[in-house]
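Everything below concerns the one structure shown next.
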Amino acid sequence: MEILVCVKRVPDSAENEIEVKPGGADIKRDDLVYSVNEWDNYAVEEAIQIVDRVGGSVTVATIGNEESEEVVRREMAMGANSGLMLVDPAFEGSDGRGIAAILAAAVRKGKYDLVLTGAQADDGAGQVGGMLAALLDWPYASLVNMIEVQDKKLRIGREIEGGNQEINEIMLPCVLSIQTGINEPRYVGIRGIRKVASVEIPVMNAAALGLDSAGLGPAGARVKRLDYFVPPAGAGAEILEGSTDEITVKLIDLLKAKGGLK
Amino acid sequence: MAAQVFAFILHKDGKADDTALELAVASQKIAPGAAPVAVVTGAGAALDGVCQELTASYAEVWKFASDTLAYPNAEIIRMLLLKALPKGCTLLLPHTTFGMDLGPGLAVKMDAAYVSDVTAIDGLDGATLKAVRQEFNGQVCTHLACDMSKGAVVSVRSGCFQAGDPGAAGGKVVDKSGEVGELSGRRRFVEVLQAEVGDVDITKEDVLVSVGRGIGDKENLPMADELAKAMGAVVSCSRPVVDAKWLEKGRQVGTSGKTVKPKVYLALGISGSFQHMGGLKGNPFIVAVNKNPKAPIFQVASVGVVADLLEFVPELTEKIMAAK
Ligand SMILES: Cc1cc2nc3c(=O)[nH]c(=O)nc-3n(C[C@H](O)[C@H](O)[C@H](O)COP(=O)(O)OP(=O)(O)OC[C@H]3O[C@@H](n4cnc5c(N)ncnc54)[C@H](O)[C@@H]3O)c2cc1C
Ligand SMILES: Nc1ncnc2c1ncn2[C@@H]1O[C@H](COP(=O)(O)O)[C@@H](O)[C@H]1O
C-alpha cells in the first residue's frame, strides 16, 4: 500500500496562549511553539502501522515554508519512508480549497493507494481532506478511528456522536481524515531526528506540480480571513482572587452552597 | 437578493434534530425574509412525521424517501444533492460528524465556496457573506468574507443560532423522491457499533471532577481521584486524556463522549472547546481551574481559579479533608 499523509505545522494550542496583535491583522507569532498538528501525528502513526502489516511505503507531505521541514523530519523519524515539501510563495494565503488543489496535484504526481489527512487543524475547519477527495474524485470518509485493509477496499470505523462507531466499507484509492485516539503515536527522541537529519527531502513548487498560480493564494480564495479578534467576554467566570489559602476557603464555601461537597 | 437557501435536516427516531430550527434562524441572517427550503432524506413512515414537524418553521420541505437513504451516507447524499439542488444556491449544514463528512466535498463538486463551523453570521453584502468562526480551540475568533457568487455550503455550529425567529410557518411538503433515480457509491455503510459502557456511569453523577490535558501526565491522576473522593464526586475527563489511554472512553465528556448533567462540574486543566462543552448540559455550576487566564473555559464557567492545578488541587483536597 502506497500511502501519502498530509501534515501541517501549526502553533501548538496546548502549549501557547494565542494572542491577537493590536489591530487584529494576525496573532502574535514571535514566541509561539510550533509542532505537527495533533491529528496528523495520529495519521502518520496509522500509515506506518498499515505498512508494517501489509507492506508498501509512507510519504509525508506538507505545504508550508522552509520551517515546515522540521515537522516532515519529525514524522520521518517516526518511521515515514520519505518526505515531500510543497513550497511556493504563490501558495501563501490560499483557502482550504486552494490547499486541497495543491495536495491533489501532488497526489497525481505519485502513485498512491491511500491518502490520509488529520480530521482538522489549527483553524478547526476540517475541510482539506474532503475537498482533496472530491478534487481527485476518490471516495472519502472523515473522523476515521479504525482501518482494516481488505482486498481493494478498506473496512473503516468513523467516530460519530456519543463515541459510537459507524462501520463502512470504502473502495481504494480513497482519502480518509483521521480522528485522534485511533492509535498511540510513538515517541520520537532526539536520536531518531538525528538519524534522518541528512536525508534529502524533495521540494516542489507550483510549476513542478503543473499548477497555474493564478488560481492559488489570495486571488483564488473565495473564503478570506478578514481579521482576528478576542471573543467578546460574556458574563464570564467570577475569578477568585487572593492567596491560595483565601481562594480555597472561598471555593469550599461555594462548593458547599451548590451541593458540590457530600 | 441572494440565491435560494436550503437547510439539510438531521433527524432521529421520527423527530427533527435541534439543529433544524437553528438552521432556519441562521438562514434568516443570510437572507432575511427569504423562505429557506428544508431538505430531508430518509426512509420509512417516520420520515413523514419529521417533514410535517418542519412545516412549522420552513415554507417548503423537500422530502427524499428511499431505502438507500435509510442511513445518512454522505457520499450517497452528496450525489442526491448534486442532482436536486439548483446551481448557485446556498446550503446550510449542521457542523456535526455528518456535516463534516458531507460539506467539504459537496462544496467542491458544486463549485461553491465552503465555510465551516460558523458561530455567527453578520450578513450579506452583495454576494459576500460576512461570518464569524473560531480558531485554536476557541482561543481567538475571526471574521471572514465568503464569496457566494457561485453558491456556498455553510456549516453551522450547534447551539449558536438559538435566539431568533425562524419566521415563515405553515409550509408544505414536496415529495421529490422520484426525481433522483439510482444512487450508489464507492463507500458502503455497514453498521453502527454502540460505545462501550464503562465501569462508572458519569451521566448519572451530580458532582464531577473533570481532568483535561492540563493534568500533564498519567502519574498526576491520583491527585484528581483524591479530590473527587474528598468531595464525594466522580472523575470524568476531556478527550485528550482518553486518547492518551489515561482513562477509559466511558469517562469522556463531550460530543463524541458522554452527555452529563451534573449540579457541579469542576474542570481541571480543560480549555473549554465546544466539543467538550457540548457534552455538558443542565446549566451546572462550573468551576474552572486553569493556568491560562485567557482560556475560553473562563467565559462559560461560573467561578474561575487561575492557578497551576498541580499545586492547587492537593491544597484544595487537604482543606476539604480538614473541614470535615
Ligand atoms: C469531531 C470531534 C469531536 C470531539 N469530541 C470531543 C469530546 O467529546 N470531548 C472533548 O473533551 N473533546 C473533544 N474533541 C477535542 C476538542 O476539540 C479539544 O481538542 C479537546 O476538548 C481539548 O481538551 P483539553 O481542554 O483537555 O486540552 P487543551 O485544549 O490542550 O487544554 C488544556 C488546558 O489546560 C491548561 N493547563 C495546562 N497545564 C496546566 C496546569 N498545570 N494547571 C492548570 N491548567 C493547565 C491549559 O492552559 C489549557 O487551557 C473533539 C474534536 C473533534 C474534531
Ligand atoms: N498546509 C498544509 N499542508 C499539508 N496538509 C495540510 C495543510 N493544511 C491542512 N492539511 C491537511 O488537512 C487536514 C485538515 O486541515 P483543515 O481542513 O485545515 O482543518 C490537516 O490535518 C492536514 O492533514
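Per the Cauchy relation, a quarter of the hull surface: what is the mean projected area of the convex hull of the alpha carbons in region B:202-323, in nm²? For region B:202-323, averaging the hull's shadow over all directions gives 6.5 nm². I'd like the orientation of helix A:96-109 relative to chain A: the angle between its Cα long axis and the longest Cα principal axis, in ° from 0 to 90, rounded to 10. It works out to around 30 degrees.
GNM remark for chain A: springs join alpha carbons under 10 Å apart, and the peak mean-square fluctuation among A:Gly118, A:Gly79, A:Gly189 falls on A:Gly189.
In region A:196-262, which GluC sites (Glu not before Pro) are in a loop and have at most 10 other Cβ atoms within 10 Å, using DSSP for the loop call? Provide the component values of the computation, followed by the final result.
Details: sites: A:Glu200, A:Glu238, A:Glu241, A:Glu246; in loops: A:Glu200, A:Glu241.
Counting only loop positions with at most 10 other Cβ atoms within 10 Å, the GluC sites (Glu not before Pro) in region A:196-262 are A:Glu200, A:Glu241.
The accessible area of A:Lys262, taken with all protein chains in place and a 1.4 Å probe, comes to roughly 130 Å².
What stretch of chain B, leaving out the sites themselves, is the longest with no GluC sites (Glu not before Pro) in a DSSP loop having at most 11 other Cβ atoms within 10 Å?
On the way: sites that count: B:Glu182, B:Glu196.
Longest gap between qualifying sites, sites excluded: B:1-181.
Radius of gyration over Kirkwood radius for region B:21-145, both on Cα atoms: the Rg/Rh ratio is 0.97. Using +1 on the beta carbon of Lys and Arg, -1 on that of Asp and Glu, and nothing else charged, what's the dipole of chain B about the Cα centre, debye to 20? In debye, rounded to 20, chain B gives about 280.
With both labels modelled 7 Å from their Cα along Cα-to-Cβ, the A:Lys224 to B:Glu179 distance reads 3.5 nm.
With the simple model of a label 7 Å out from the Cα in the direction of the Cβ, A:Lys250 to A:Glu19 spans 2.4 nm.
Size of the dipole of region B:58-197 about the Cα centre, Lys and Arg at +1 and Asp and Glu at -1 on the beta carbon, nothing else charged, in debye to 20?
Here the size comes out at about 300 debye.
Comparing A:Ser142, A:Ser243, A:Ser177 in a Gaussian network model of chain A (Cα springs below 10 Å), the most mobile by mean-square fluctuation is A:Ser243. For B:Lys176, the aspartates and glutamates whose Cα comes closer than 20 Å to its Cα, not counting residues fewer than 8 places off in the same chain, are B:Asp48, B:Glu53, B:Glu60, B:Asp67, B:Glu75.
Set the Förster distance to 25 Å, then compute FRET efficiency between B:Asp225 and B:Lys261 from the Cβ-Cβ distance, nearest 0.05. Don't skip to the end; give the middle numbers.
Numbers: r = 22 Å, r/R0 = 0.89.
The pair B:Asp225/B:Lys261 has a calculated efficiency of 0.65.
Pairwise Cα distances in region A:150-239 exceed 19 Å for 76 percent of all pairs.
Taken one residue at a time, the phi angles of region A:224-236 give Karplus couplings (6.51, -1.76, 1.60, θ = phi - 60°) of 10, 7, 8, 6, 10, 8, 7, x, x, 5, x, 4, x Hz. Gly and Pro are set to x.
If you take every DSSP beta bridge whose two residues both sit in region B:5-179, what share of them, in percent to the nearest 5, is antiparallel?
On the way: 15 of 40 bridges.
So the antiparallel bridges in region B:5-179 amount to around 40 percent.
Think of each Lys and Arg Cβ as +1 and each Asp and Glu Cβ as -1; about the Cα centre, that makes the dipole of region B:202-323 roughly 560 debye. Per residue of A:101-108, other chain Cβ atoms within 10 Å of the residue Cβ number 0 on average.
Considering only DSSP states other than H, G, I, E and B, which GluC sites (Glu not before Pro) in region A:10-49 qualify as loop sites with at most 16 other Cβ atoms within 10 Å?
On the way: sites: A:Glu15, A:Glu17, A:Glu19, A:Glu38, A:Glu45, A:Glu46; in loops: A:Glu15, A:Glu17, A:Glu19.
The qualifying sites are A:Glu15, A:Glu17, A:Glu19.
Considering region A:2-220 at the alpha-carbon level, its Rg and Dmax are found to be 17.0, 55 Å. Helix A:244-257 axis versus longest C-alpha principal axis of chain A: approximately 90°, rounded to the nearest ten. Exceedance of the 32 Å cut-off in Cα-Cα distance is limited, within the set A:Lys152/B:Lys83; B:Lys218/B:Lys261; B:Lys109/B:Lys258; B:Lys172/B:Lys258; A:Lys21/A:Lys109, to B:Lys109/B:Lys258; B:Lys172/B:Lys258; A:Lys21/A:Lys109.
For chain B, the residue among B:Val115, B:Val313, B:Ile77 whose Cα projects farthest onto the positive side of the dipole built from Cβ charges is B:Val115.
Please average, across the residues of B:237-249, the number of beta carbons from any other chain that are within 10 Å of each residue's own beta carbon, and give a whole number. Working shown, then result.
On the way: counts 0, 0, 4, 4, 0, 3, 9, 3, 2, 0, 0, 0, 2.
Counting Cβ atoms of other protein chains within 10 Å of each residue's Cβ and averaging gives 2.
Counting heavy atoms of the protein chains alone, A:Arg74 has an accessible area of about 60 Å² for a 1.4 Å probe.
Seen against the Cα atoms of chain A and their longest principal axis, helix A:69-78 is set at about 80 degrees. Averaged over the residues of peptide A:163-173, the number of Cβ atoms from other protein chains lying within 10 Å of each residue's Cβ is 6. The Cα center of region B:290-317 and the Cα center of region B:128-163 differ in position by 29 Å.
Using the eigenvalues of the Cα gyration tensor, what equivalent ellipsoid semi-axes result for the protein assembly as shown when each is taken as the square root of five times the eigenvalue, whole Å, largest first?
Details: eigenvalues 268, 198, 114 Å².
Taking √(5λ) for each Cα gyration eigenvalue gives 37, 31, 24 Å.
Once every DSSP H run of n ≥ 4 in the protein assembly as shown is given -39500 (n - 2.57) and the sum is divided by its residues, what mean residue ellipticity at 222 nm do you get, rounded to the nearest 500 deg cm²/dmol? Here the helix-only value at 222 nm equals -8000 deg cm²/dmol. Treating each Cα of chain B as one equal point scatterer and applying the Debye formula with no solvent, the log10 of I(q)/I(0) at q = 0.09, 0.15 Å⁻¹ comes out as -0.55, -1.17.
To the nearest 10 Å², what's B:Asp17's accessible area with a 1.4 Å probe? Surface accessible to solvent at B:Asp17 totals approximately 70 Å².
The values are calculated or read from the model by the stated rules, or taken from the named source; none is laboratory data. Please read all numbers here as calculations on a predicted model, not as lab measurements. With ideal geometry, Cβ positions are generated from the backbone for all residues, glycine too; neighbour counts draw on all protein chains shown. Please note that ligands, DNA and RNA were not included when accessible areas were found on the heavy atoms of the full protein model with its side chains. Shrake-Rupley method; radii C 1.70, N 1.55, O 1.52, S 1.80 Å.
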